[in-house]
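Asker: If you scroll down you'll find the structure; I have some questions about it.
Quick note: the coordinates plus some simple rules give every number you see, no bench work behind them. On a predicted model such as this, the values are computed, not experimentally measured, just so you know. Methodologically, a virtual Cβ is constructed for each residue, glycine included, from the backbone with ideal geometry; neighbour enumeration extends over all protein chains shown.
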Amino acid sequence: MNIRKTFALAAATAALGTGLAVAPAAHAAPAADSCTNNWSIKDGRGYANGKWCNNDTKVKGTVHDTKSDGRCPFVRGRLNRGGHVDSDWAGPKGDSSPVRLSAPRGQHFTSVSMQSIKC
C-alpha cells in the first residue's frame, strides 16, 4: 500500500472513531408503573375511578362530571404526612379529565376523595 492510501485509511479511521465517541447515548425507556389496587368514588356531582400505583405514591384514573350544576368535580389525594394533591377538574356536564397524582418524595397517598369547584 502506498503512503497516500495508508494516510487516507488512518485519517478515515480516526474520523470514524471520533464520530462514534461523541454520539449521544441512547435513553432507556421509563419504567412502567406498578398498579395493584383499584379505587372508585362517586357523589352527586360525578364519579371517578382508577388505580393505586407504585406503593401508593401515584394515583391514576379519570374523573367525570355528570351534573349540570355549575360545579366541576376533581379528585383530592391525601398524603401520609399531611397535605394533599389535586387532579385537574372535569366540567361541564359530560366532560372527563385524567387523574394523575404523584406524591412528593418520601410520601404516599392514604386516601382519595371527590371535591368540586365552581366553574
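Asker: Counting other C-beta atoms within 10 Å, which of 67, 58 has the fewest, and how do the rest follow? Mind showing how you got there, number by number?
Answerer: On the way: 67 16, 58 20.
Ranked by crowding around the Cβ, least crowded first: 67, 58.
Asker: Note the full-extension length gain between residue 119 and residue 86 as 0.36 nm times their separation in residues minus their Cα-Cα distance, in nm to one decimal. Could the numbers behind the result be given before it?
Answerer: Details: separation 33, 0.36 × 33 = 11.88 nm, distance 1.57 nm.
That works out to 10.3 nm of additional length.
Asker: Here is a follow-up. Run the dipole for the range 35-118 about the Cα centre, Lys and Arg Cβ at +1, Asp and Glu Cβ at -1, nothing else charged, and hand back the magnitude in debye, nearest 20.
Answerer: Numbers: 14 positive and 7 negative charges, 30 e Å.
Its charge dipole is roughly 140 debye.
Asker: May I ask you to sort 88, 69 by Cβ crowding, counting other Cβ atoms within 10 Å and putting the fewest first? Before the final figure, lay out the partial values.
Answerer: Working: 88 13, 69 16.
Lowest to highest Cβ neighbour count: 88, 69.
Asker: Next up: Excluding residues on the same chain fewer than 8 positions from residue 93, give the aspartates and glutamates whose Cα lies under 15 Å from its Cα.
Answerer: Cross-link targets: 43, 65, 69.
Asker: Here's something else I'd like to know. 5 Å is the cut-off here: which amide hydrogens, built 1.01 Å from N in the peptide plane, fall below it relative to residue 116, excluding neighbours closer than 5 in sequence?
Answerer: It is 74, by chain and number.
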